[in-house]
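A quick write-up on the structure given underneath.
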Amino acid sequence: MDNCNRIAVFPGSFDPFTIGHLAILERALPLFDKIIIALGINSAKQDFFPLETRINHILSIFEHNPKIEVDTYTSLTIEYCRNKHAGFILRGLRNTTDFQFEKSIAQMNRELFPQIETIFLVTPPEYGHVSSTIVRELVKYGADVSRYIPGKIVL
Ligand code: ADP
């Protein structure tokens, strides 16, 4: 594996895609030749928005960006990255809880496949509280979530 072709995988559930995800992607775009936004399909996790809806939300923002690809996967994230010849996994960090969780995964991934580096970007302070979980909770109660969702996405 060589890292000359800078392909990053941005894995997640994106249920739904938020301004927090967008902020991380916009800052990561200049760093890579290609970023694959990869929606993990996890049978143990109950989706809120259907997979196709989530994909369409993301496409509505990035469909004209040649550096962004949207895909789904069911395997281990690191296996998926290997198959895609990606040299990097991109993740966002909001707080120490994210860090604790991400640190173990990044260390384990590195043990499994040291050629793939996990790159963390720290969230802008104004988005530190934005999460898909909170957006889903607001949607359930009929609250307006437009301030947490990129403008092109209509939930
Ligand atoms: P997962 O279920 O894998 O955590 P998510 O869709 O919740 O998937 O998140 C995907 C990535 O985006 C994770 O690295 C997460 O930390 C990051 N992320 C989510 N919300 C924000 C935010 N507000 N600011 C920065 N990063 C974020």
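Scanning the range 31-51 for residues that are surrounded by 16 or more Cβ atoms within 10 Å (Cβ to Cβ) and under 20 Å from residue 76 (Cα atoms), we see that the one that is nearest to the ligand (Cβ to nearest atom) is 40. Per the listing 79, 69, the residue uniquely farther than 19 Å from residue 23 by Cβ and exposed (fewer than 15 other Cβ atoms within 10 Å of the Cβ) is 79. All conditions in (1) crowded, with 18+ Cβ neighbours inside 10 Å; (2) more than 13 Å from the ligand (Cβ to nearest atom); (3) within 13 Å of residue 70 (Cα to Cα) hold for residue 54, with the sole exception of (2). When residues in the range 77-112 are screened for being touching a residue at least 60 places away in the same chain (Cβ under 8 Å), assigned to a loop (DSSP other than H, G, I, E, B) and either polar (S, T, N, Q) or more than 12 Å from the ligand (Cβ to nearest atom) (or both), 4 of them pass. Scoring residue 63 on the criteria (1) under 11 Å from the mean Cα position of the chain (by Cα); (2) acidic (Asp, Glu); (3) more than 13 Å from the ligand (Cβ to nearest atom) leaves a single failure, condition (1). Say we look at the range 1-34 and pick out the residues that are touching a helix residue (DSSP H, G or I) at 6+ places or on another chain (Cβ under 6 Å) and in a strand (DSSP E or B); which of these is farthest from residue 133 (Cα to Cα)? In this case the residue turns out to be 9.
Read-outs: derived from the displayed coordinates by stated rules, not from any lab. Just so it is clear, the structure is predicted and the values come from calculations on it, not from any experiment. Here Cβ is always computed from backbone atoms with ideal geometry, including for glycine, and neighbour counts include all displayed protein chains.
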